[in-house]
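In what follows, a single structure is set out as structure tokens and then discussed.
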């Protein structure tokens, strides 16, 4: 009897040890499969396909008198695959994912689904590994080689750029710099760093799950695919940190390189010595931008490289960052103390709404007015003092509907969630500081649009449908319960602390799900359809952004000094007389259903459905009308104390376009320029006639002061695309016109 009992105990112990061993192996990533970059399809688009589209667009421009020597080419310089940790998490079943997408998927999507002319890979450097970087390089090279033409300088089917995202996120406005995409010019070994440079962020509470949790996750979720998730997380954490202060070419190949500030990033890129562009993005996106943030603190040569940092992402699938507003999400005193501002007719501060929510709960609990007022004041302060993106944690058991439209820009075009106007593109262009040699230091950015896709769908905004595929709306599913699993609402606030909440609740995802769009594009005016010409156009700021449609846009200064040829968008010039401008715009082509024959021939039916959802860029011959041209004028500060609001005139002028016309051509000047004797920045928006777009209604407010909202259900099927009317648009890069006294000969700087 005792022997049997001992044998039973031994067997139980062995089984327990075996279970612990399996749990350990799963948690250490030993049982899952590794994600690879994949191999792009070897088949290019048909010969002449890209050239035919270019000729069609050129003919539309020539009919308006546009220059004949430049092609308009469309691309996406912000594309994530499963090699980005957040993208990999989105591919899991708990968020409705259907598996991770690869670099090869991004290539094939850009070529066959969205029909782009160029694109770049921009996975987060923070989740890169030596193997992932090597595979990324090879996949991008393979993509670029398909249909490149007979040799260097020949027209390319699809130009592919290599790059990464430097994803810095601070806990406060003082240590926050934001995200930047790094794009490399070349694909040969001499033009590529040994590794991408990651951001060294203070916001270190976003940690990977523990090995124990990774081991338990397949059991909790009931899906063996989470063994792959454990493998991914362990591989992501495996590279050791590169030593600080060592020249980049002397570092070992297997470490992860970090830069804590933009200045450190620029220094490392200088050390590598390869041609690159650095593009800030998501600057006003409050999901990761701390309250009180402003780009003004980055207008210093230590954190701004005017040679590399020449472009800014004005719009993406995560919203618009263009527009400046005078309101603030929080007020910060000279001593650093924070105070919650009072609401305005055009803005409800989230900190203020936090106080209202607590006060409403307090009164419902039968607590007296004085006590509820005190609790509301504490709630406002708790929210105002919360670290980056965590203010909602100060209201225990909060519901999305309780917040109404707090923190949102009510009158912006498809704004980023929890809008930060002091970090908007207009605010950047209005800033000025004393520079060296008597020249002011300013941000002179050209504009780009992008998708910021996390499913490898480069240029996904060609058709506004399939919200859960073509936008990042599925991000809202992380931490958003299907029904009734929220914490208990309490009538008192608390200091926001990420350690007191589950990691999937650190971001206010449910409301944010209504601020994911299908994404924008960057357009370039290039001399030819090849890598060097596209790169030169990007570096010269001969770019514009669109909210997704392929609107054609030309914006020129027609009276430059000592030149017979007009100067295109992105140019900088000094004038003593009034500048005269001309704008030409042609609407995008209406889309036909389905996909072109060549896309169906190149990809299997299963792959076409998985990548494109059965819908591709498939233009008809019918163009949408341009409704009007809006002109924005910005007069940069003369001193750091100048308030920004009077300097930003939006719109400064509105010029109507003839209804039903094939395009729009307008001319305007600034008769106040010479008399004002101050530098000015001008850019234009070409506005299309209204159409329907995914999530264009954002929170879908009803009642006075947005008393009720109907956020787009993150678990709704693609059949509910949350469509609403919107005026799609294109933003030209600015023309920078410095005032120059008559007789002076120094031209405007191009920085």
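What follows draws every value from the coordinates through simple rules; no lab data is involved. Just so we're clear, the structure is a prediction, and the values are computed from it rather than from any experiment. Methodologically, a virtual Cβ is constructed for each residue, glycine included, from the backbone with ideal geometry; neighbour enumeration extends over all protein chains shown.
Normalise the Cα radius of gyration of the stretch 14-152 by 2.2 N^0.38 Å (N = residues in it) and let me know the number. Walk me through the numbers on the way to the answer.
Values: Rg = 21.1 Å, N = 139, 2.2 N^0.38 = 14.3 Å.
Rounded to two decimals, the normalised Rg is 1.47.
In 5 Å bins starting at zero, report the fraction of Cα pairs in the stretch 517-616 per bin as a rounded %.
2, 10, 14, 15, 16, 15, 10, 6, 4, 4, 3, 1, 0
Dimensions of the stretch 66-213 along principal axes (Cα, Å, largest first)?
Principal axes ranked by extent give 56, 38, 34 Å for the Cα atoms.
Given the alpha-carbon gyration tensor of the stretch 221-269, what are the semi-axes of its equivalent ellipsoid in whole angstrom, ordered largest first, with each equal to the square root of 5 times an eigenvalue?
On the way: eigenvalues 208, 32, 9 Å².
Over the Cα atoms of the stretch 221-269, the semi-axes work out to 32, 13, 7 Å.
Relative contact order for the stretch 555-662: what is it in percent, counting Cα pairs under 8 Å that are at least 6 residues apart?
Details: 137 pairs, mean separation 23.7, N = 108.
Once normalised by length, the contact order is 22 percent.
Can you give the convex hull volume per residue for the Cα atoms of the stretch 321-396, as a whole number of Å³?
In the stretch 321-396, the Cα convex hull volume per residue is 112 Å³.
Given the C-alpha atoms of the stretch 620-749, compute the convex hull and give its volume per residue in Å³. Provide the component values of the computation, followed by the final result.
On the way: hull volume 29.1 nm³, N = 130.
Roughly 224 Å³ of hull volume per residue.
What FRET efficiency would be calculated for the residue pair residue 246, residue 213, taking the C-beta separation as r and a Förster radius of 45 Å, to the nearest 0.05?
On the way: r = 34 Å, r/R0 = 0.76.
With a Förster radius of 45 Å, E is 0.85.
What angle, in degrees between 0 and 90 and rounded to the nearest 10, separates the Cα long axis of helix 130-145 from the longest principal axis of the Cα atoms of the chain?
Tilt of helix 130-145: around 40 degrees.
May I ask you to order 71-81, 674-684 by the average number of other C-beta atoms within 10 Å around their residues, highest value first? Don't skip to the answer; put the middle values down first.
Details: 71-81: 27.9, 674-684: 19.0.
Put in order of decreasing packing, that is 71-81, 674-684.
Once the convex hull of the C-alpha atoms of the stretch 182-253 is built, how many Å³ does it hold per residue, rounded to a whole number?
Values: hull volume 11.1 nm³, N = 72.
Value for the stretch 182-253: 154 Å³ per residue.
Order the peptides 267-273, 169-175 from the highest to the lowest mean number of other Cβ atoms within 10 Å of their residues. Walk me through the numbers on the way to the answer.
Values: 267-273: 16.3, 169-175: 18.4.
Ranked from most to least packed, the peptides come out as 169-175, 267-273.
For the chain, what mean projected area does the convex hull of the alpha carbons give, in nm²?
Numbers: hull surface 151.7 nm².
Reported value for the Cα convex hull: 37.9 nm².
Please work out the Kirkwood hydrodynamic radius for the stretch 596-662, using every pair of different C-alpha atoms, and report it in angstroms with one decimal place.
Working: mean 1/r = 0.0592 Å⁻¹.
The answer is 16.9 Å.
Just the projected area, averaged over all directions, of the convex hull on the alpha carbon atoms of the stretch 93-141: how many nm²?
Values: hull surface 17.7 nm².
Reported value for the Cα convex hull: 4.4 nm².
Arranged from highest to lowest average of other beta-carbon atoms within 10 Å per residue, in what order do the peptides 365-373, 134-142, 597-605, 521-529 appear?
Working: 365-373: 12.7, 134-142: 19.3, 597-605: 15.2, 521-529: 24.7.
Highest to lowest by the protection proxy: 521-529, 134-142, 597-605, 365-373.
Determine the calculated [θ] at 222 nm for the chain from helices alone, applying -39500 (n - 2.57) to every DSSP H run no shorter than 4 residues and normalising by the residue count; nearest 500 deg cm²/dmol. All intermediate terms of the calculation are to be shown ahead of the outcome.
On the way: 17 runs with 175 residues, N = 751.
Mean residue ellipticity at 222 nm (helix-derived): -7000 deg cm²/dmol.
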